[in-house]
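Chemist: Before I ask anything, let me first share the structure, which is written out below as structure tokens.
The values are calculated or read from the model by the stated rules, or taken from the named source; none is laboratory data. Please read all numbers here as calculations on a predicted model, not as lab measurements. When we count neighbours, we look across all protein chains shown, and the Cβ atoms used for this are built from the backbone with ideal geometry, even at glycine.
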Amino acid sequence: MLSAVERKIEQFITELGDKEVSTLYAKLPAGKRLRAKLILKIAGNHLTAVKTAAVVEMIHAASLLHDDVIDDAYTRRNKPSLNALYGNKTAIMLGDILYSKGFFELNNISTEVAKIVSNAVVQLSLGELGDVSLSKTFNVDKSRYLKMIYQKTASLIEASAGAAAVLAGKPKEAYLTYGRNLGLAFQMIDDILDITQDAETLGKPALHDFVEGKTTLPYIYLYEAMTDEERVKLESLHAKVLKPEEQLWIQAKMKEYHIIETSYLEAKTLIEEAISLMSAHGEASLAGIAKEMIEREF
């Protein structure tokens with residue numbers, strides 16, 4: 001039924017009556033549609049669920065457009081980003097249009113669903129701000145990192161599951177917890193892949209997060225495991241363009257201290273908790289979506 005979601009998004013875009021917006025939206029890669037899959041799996045394939053999935057995917061697309069501008073990212077899923085092709089102003093305005101249309105359509109679904117999704121967008125925006133703030137210094141506070149990735153990434157996945165539960169008449173809180181765990185694990189895996197995968201697979205340079213000033217979970221764990229001398233060197237490389245030998249040194253230290261395994265285990269534990277929770281509610285079929293969050297290469 002993902003095809004129905006795509007058609008609904010196209011309908012929403014067409015209703016705007018602007019050819020430029022239609023052309024620009026067509027340039028965006030569709031992605032995995034994990035949030036839409038989650039909504040349809042929980043709520044079913046009826047029209048209201050399809051509309052909700054379409055709105056959430058439009059909001060997600062808007063957040064990525066803004067994120068690429070904030071991060072000066074010129075590729076997205078191995079293709080030139082919209083800001084690279086048309087400039088930051090165009091990317092920001094398309095993001096604003098998608099947000100606005102999404103909020104408008106939420107009013108035609110239900111008040112409770114609208115509240116859940118719109119609150120997630122507030123959290124998402126706070127998370128973007130937190131991400132920018134954290135990138136200004138070498139952050140080793142895991143709690144601040146977890147708060148930021150909850151707001152920036154997990155909140156919308158959490159809202160997707162919670163909104164779908166409302167539509168299906170299922171216990172909202174359990175599904176919100178499930179979605180939150182999925183979202184946290186998803187971002188943790190993203191942060192791991194930034195270190196372990198090559199640029200061709202990622203669609204961006206490897207170790208790009210650290211160069212941008214982001215001290216993600218693996219770097220926090222690495223810092224904790226290092227000697228004082230190694231910590232000084234790691235901090236000296238923060239938010240700088242890395243030479244090949246510096247990249248190799250970081251990756252070698254990650255391997256020496258088993259950081260990737262430790263970080264992956266944390267994400268895996270969240271997924272296992274999510275699967276167990278849904279199994280208790282007779283939703284064993286949601287295990288596949290949960291596993292998809294962590295069993296991926298990009």
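Chemist: For segment 246-298, give me the residue count where each residue is outside any helix (DSSP H, G or I) and over 23 Å from residue 231 (Cα atoms).
Modeler: Here the count works out to 7.
Chemist: Residues in segment 114-125: is at least one among the small types (Gly, Ala, Ser) and surrounded by 18 or more Cβ atoms within 10 Å (Cβ to Cβ)?
Modeler: Scanning segment 114-125 turns up at least one residue that is among the small types (Gly, Ala, Ser) and surrounded by 18 or more Cβ atoms within 10 Å (Cβ to Cβ).
Chemist: Taking residue 100 as meeting all but one of (1) outside the structural domain of residue 275 (by TED's automatic domain parsing); (2) surrounded by 20 or more Cβ atoms within 10 Å (Cβ to Cβ); (3) not aliphatic (A, V, I, L, M), write down the number of the exception.
Modeler: (2)
Chemist: Let me ask you something else. Among (1) over 15 Å from the mean Cα position of the chain (by Cα); (2) surrounded by fewer than 19 Cβ atoms within 10 Å (Cβ to Cβ); (3) part of a helix (DSSP H, G or I), where does residue 72 come up short?
Modeler: (3)
Chemist: Within the set of pairs 6 or more residues apart or between chains, which connect a residue that is closer than 10 Å to residue 155 by Cβ inside segment 112-126 to a residue that is buried (at least 18 other Cβ atoms within 10 Å of the Cβ) and among the aromatic types (Phe, Trp, Tyr) with Cβ atoms less than 8 Å apart?
Modeler: Within 8 Å, the pairs are 121/99; 123/150.
Chemist: Which fully enclosed helices (runs of 4 or more DSSP H) of segment 1-69 have 1 or more residues being over 21 Å from the mean Cα position of the chain (by Cα) and either of a type in the set (D, E, K, R) or surrounded by fewer than 18 Cβ atoms within 10 Å (Cβ to Cβ) (or both)?
Modeler: Helices (runs of 4 or more DSSP H) meeting the threshold: 2-15, 19-26.
Chemist: Output the residue which, of all residues in segment 87-125 that are in a helix (DSSP H, G or I) and among the small types (Gly, Ala, Ser), is farthest from residue 11 (Cα to Cα).
Modeler: 125
Chemist: What pairs come up if the first residue lies in segment 169-181 and is of a type in the set (A, V, I, L, M), the second is part of a helix (DSSP H, G or I), and their beta carbons are under 7 Å apart, counting only those six or more places apart or on different chains?
Modeler: Listed by first residue and then by second, the contacts come to 174/277; 176/158; 176/161; 176/162.
Chemist: Name the pairs: first residue in segment 139-157 and closer than 21 Å to residue 235 by Cα, second residue modelled with pLDDT of 95 or more and outside any helix (DSSP H, G or I), Cβ to Cβ under 8 Å, at least 6 apart or on different chains?
Modeler: 139/215; 140/215; 145/139; 145/215; 145/216
Chemist: Sticking with this structure for a sec: Out of 169, 95, which single residue is at negative phi and at pLDDT 95 or above?
Modeler: Criteria check complete, one pass: 95.
Chemist: Still on this structure: Quick one: residue 89 ticks every box in (1) more than 16 Å from the chain's Cα centre (by Cα); (2) closer than 21 Å to residue 7 by Cα; (3) not acidic (Asp, Glu) except a single one, so which number is it?
Modeler: So the condition that residue 89 fails would be (2).
Chemist: Tell me which residues, restricted to segment 221-245, are in a loop (DSSP other than H, G, I, E, B) and over 21 Å from residue 197 (Cα atoms).
Modeler: 226, 227
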